[in-house]
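Below: one structure, written as structure tokens.
The values are calculated or read from the model by the stated rules, or taken from the named source; none is laboratory data. Here the structure is a predicted model, which is why all the values come from computation and not from measurement. Every residue, glycine among them, receives a Cβ derived from its backbone with ideal geometry; neighbour counts consider all protein chains shown.
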Amino acid sequence: MNNLRKRIIHPEKNSHVKTSGSVKPCRHINKCHCMFIPPQILENMAREGVEEALYSIQQSKLSREKRDTRVNDMVEFTSTEAAGTSARKVYDCKNLWKQRVKLVRSEDGSATGDDAVNNAYDYAGVVRDYFINELGRNSIDDASMDLILNVHNGIDYQNAYWDGDEMTFGDGDDKIFVNFTKSLDVVAHELAHGVTQWTANLVYKGQSGALNEHFSDVFGSVITQHFEKQTADNADWLIGDEIMGPELYGEALRSMREPGTAYDNKLMGKDQQPGHMKDYYTGSGDNYGVHTNSGIPNKAFYLAAKEIETDKAGMIWYAALKKLWPTANFNDAVKVIVDSARLLVKEDKAPKGSPQKIRAAFKAVGLPS
């Protein structure tokens, strides 16, 4: 990428920025408020009398409304100024429902006595370094964007989220969910929403939203397997199992290997993710199935990774993500992913036979449909 930087600026945070001179308008960016724990799980927990879940739902709604207000007030422009230095900045929310309360660790700063701070800092570095070293992407926006991470958000907050320009982590209640910074999966998944925002810009609704969730699950798995030195054969392919507390230990949020089997218990309900288009969810819940229907392309990625290895599959999916568009659907993604595989084979960057193996993986889940 050249030195032209596409930025979105909050006027209240950047009052010194002027939209004149070298600054030019740019396209609208869909800034999703992407939660790690799907709403249907929190709602089921609330029905079972878990007060923290109900409070987390209410606070998520409030923070989303606040985010929507901020988005409407944003000035969007293209600037030749550097976006940042890819630096990590970890803030302690002090159990308030506010971001950036106190800066407690910056890039190259010493470890603190707070595991949440250190985990957020370390895992954000793992994600950043993977994108730089393995995929040639310079931070989330490919323009040296600083990584802002907020820990200890609220009281027993049962979630973590990417809100368009920073990460926020709850502590959980240490019974159902533990601190969300304990999982590299969580950090990679949520920061990957930022990568999607700055590439395909997938609208967070319906099939484009399910693709948005899918790409985050893909990069969460790819980066975790790379860091743990796992292969497609010996990885567990579970999403979110590390943040399960003692009451849910052994469960997970999603299984890429076998969607629909990640959990089945009184607190969370039953995993309803389909692994094939014949079971596609057509309801309006979960923003028309963004977490639910992501199981279909997730299964296809797992099958493809088993054939060509996870890192290679991740490289192909990343190349495709940069070519997709905001309203892309499942069929669009299949075409672009297969075509990206063909081009990478031509450049001798992907294994021969990758397009055929990826087509077979998608065919196995009923795509294209």
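Would you pick out the residues in region 254-275 that are out of contact with any Leu (no Cβ under 9 Å at 6 or more places or on another chain) and of a type outside the set (S, T, N, Q)?
Glu258, Pro259, Gly260, Asp264, Lys266, Gly269, Lys270, Pro274, Gly275
Determine which member of the set Thr196, Thr181, Thr224 is polar (S, T, N, Q) and more than 22 Å from Glu251 (Cβ to Cβ).
After ruling out the rest, the residue left standing is Thr196.
Mind listing just one residue for me: the one in region 232-276 that is buried (at least 18 other Cβ atoms within 10 Å of the Cβ) and of a type in the set (Phe, Trp, Tyr) and, of those, nearest to Lys306 (Cα to Cα)?
Going through the qualifying residues, I end up with Trp237.
Checking the structure you have, find out if any residue of region 96-104 is buried (at least 17 other Cβ atoms within 10 Å of the Cβ), outside any loop (DSSP other than H, G, I, E, B) and at pLDDT 95 or above.
Yes - at least one qualifying residue is present in region 96-104.
In this structure, is Gly164 in a loop (DSSP other than H, G, I, E, B), at positive phi, at pLDDT below 95 and touching a Phe, Trp or Tyr at 6+ places or on another chain (Cβ under 6 Å)?
no
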